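I have placed the structure first, in the form of structure tokens, so that the comments after it can refer back to it.
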Amino acid sequence: MVEKSTRWGFERKDWDDAKRQAKGVLVAHARRRETTTYSDLCTEVTAIHLRPYSWALMAMLGEVCSEEDAERGTMLASLVTKKGGDGMPGAGYFKHAERLGRDVSDPRAFWESEIEKIFDIWSKETE
């Protein structure tokens, strides 16, 4: 199967660069044991222009989650939250978690558990 040269309207190289940037930003937040917002993440990723709550951003976060789940058993994008309201990730995050086999019957408990696992893993890892 031939890989597409674009991803969500971006050249594949630019998409991959942006995904690496996003992961780097999230790892830095994890090491500081903090979350970030969708809009702040979009500001910090400069390889491509992403908009908060866009399909492209959600797809990128899904890829980051899937890759980190396979590598470390966590959903790194758990650290990305809504700016207002309950301060948790959006509904798409929980749908993706279900696709990865997670029990999200208590969304807040699941999310809090996931971010603690992420904090524990990344606060111990060195660069």
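Computed values, structure above
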{"quantity": "Contact order relative to length of the chain, as percent, for alpha carbon pairs under 8 angstrom and 6 or more apart", "calculated": "24 percent"}
{"quantity": "Under the Karplus curve 6.51 cos²θ - 1.76 cosθ + 1.60, θ = phi - 60°, whole-Hz ³J(HN,Hα) for the stretch 79-95, x wherever Gly or Pro sits", "calculated": "6, 9, 10, 6, 6, x, x, 7, x, 9, x, x, 4, x, 4, 5, 5"}
{"quantity": "Cα-Cα P(r), the chain, percent of pairs per 10 Å interval", "calculated": "13, 46, 33, 8, 0"}
{"quantity": "Structure-based [θ]222 nm, the chain - -39500 (n - 2.57) summed over DSSP H runs of at least 4, per residue, nearest 500", "calculated": "-18500 deg cm²/dmol"}
{"quantity": "Peptides ranked, highest mean first, by Cβ atoms within 10 Å: ranges 67-80, 9-22", "calculated": "67-80, 9-22"}
{"quantity": "Restraint check, LYS19/LYS83; LYS13/LYS117; LYS13/LYS82; LYS13/LYS83, Cα-Cα greater than 26 Å", "calculated": "LYS13/LYS117; LYS13/LYS82; LYS13/LYS83"}
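FYI, it's all coordinate maths here, none of it is from the lab. Keep in mind the model is a prediction, meaning the values are calculated, not measured. Note that we place each Cβ from the backbone using ideal geometry, even for glycine, and neighbour counts take in every protein chain shown.
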